[in-house]
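Here's the structure, in structure tokens; my notes come after.
The values are calculated or read from the model by the stated rules, or taken from the named source; none is laboratory data. As the structure is a computational prediction, the values presented were derived from the model and not from experiment. Backbone-built Cβ (ideal geometry, glycine too); neighbour counts: all protein chains shown.
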Amino acid sequence: MHFKLIIAFVEDNKTDLVLATARKHGAKGATVINHARGEGIKQSKTFFGLTLENPRDVLMFLVEEHLSRYILEKISDAAEFDNKPGTGIAFKIDVEDAIGLLHQAQELSQELEDEI
């Protein structure tokens, strides 16, 4: 079984929505890193050294490669990445190898067999 890693940077008020959307469309779990900071085209606004931007979370989903594009698109739709600048981004990268996924792989195999 081959996997992709989807990494999404989202506004913290959309974290739960993106997690639920990914799970609904095939993700079996996620890792969340809270309070990330980043900049886009425009630099972050500051006031006496304090950033005025909304906090962001980093979400990581290790998903089966055949589901990865579908999940990525659903995350983008839910978080409205393409509707307003600065709402977040998501991308996927290849995973050469992974361990600790026995239960997830068994469940995915069963789901794929049921679909076929």
Checklist outcome for this item: (1) over 14 Å from R23 (Cα atoms); (2) touching a Gly at 6+ places or on another chain (Cβ under 9 Å); (3) modelled with pLDDT of 90 or more all hold for L67 apart from (1)
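This table checks each residue for (1) of a type in the set (S, T, N, Q); (2) at pLDDT 80 or above; (3) touching a helix residue (DSSP H, G or I) at 6+ places or on another chain (Cβ under 6 Å).
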{"position": "K4", "(1), (2), (3)": "no, yes, yes"}
{"position": "A8", "(1), (2), (3)": "no, yes, yes"}
{"position": "E11", "(1), (2), (3)": "no, yes, no"}
{"position": "K28", "(1), (2), (3)": "no, yes, yes"}
{"position": "A36", "(1), (2), (3)": "no, yes, no"}
{"position": "I41", "(1), (2), (3)": "no, no, no"}
{"position": "F48", "(1), (2), (3)": "no, no, no"}
{"position": "N54", "(1), (2), (3)": "yes, no, no"}
Checklist entry - Given the conditions (1) over 22 Å from R37 (Cβ atoms); (2) not in a loop (DSSP other than H, G, I, E, B), which single one is not true for G100? => result (2)
Checklist entry - How many residues, within the stretch 75-90, are under 12 Å from F9 (Cβ atoms), in a loop (DSSP other than H, G, I, E, B) and modelled with pLDDT of 90 or more? => result 1
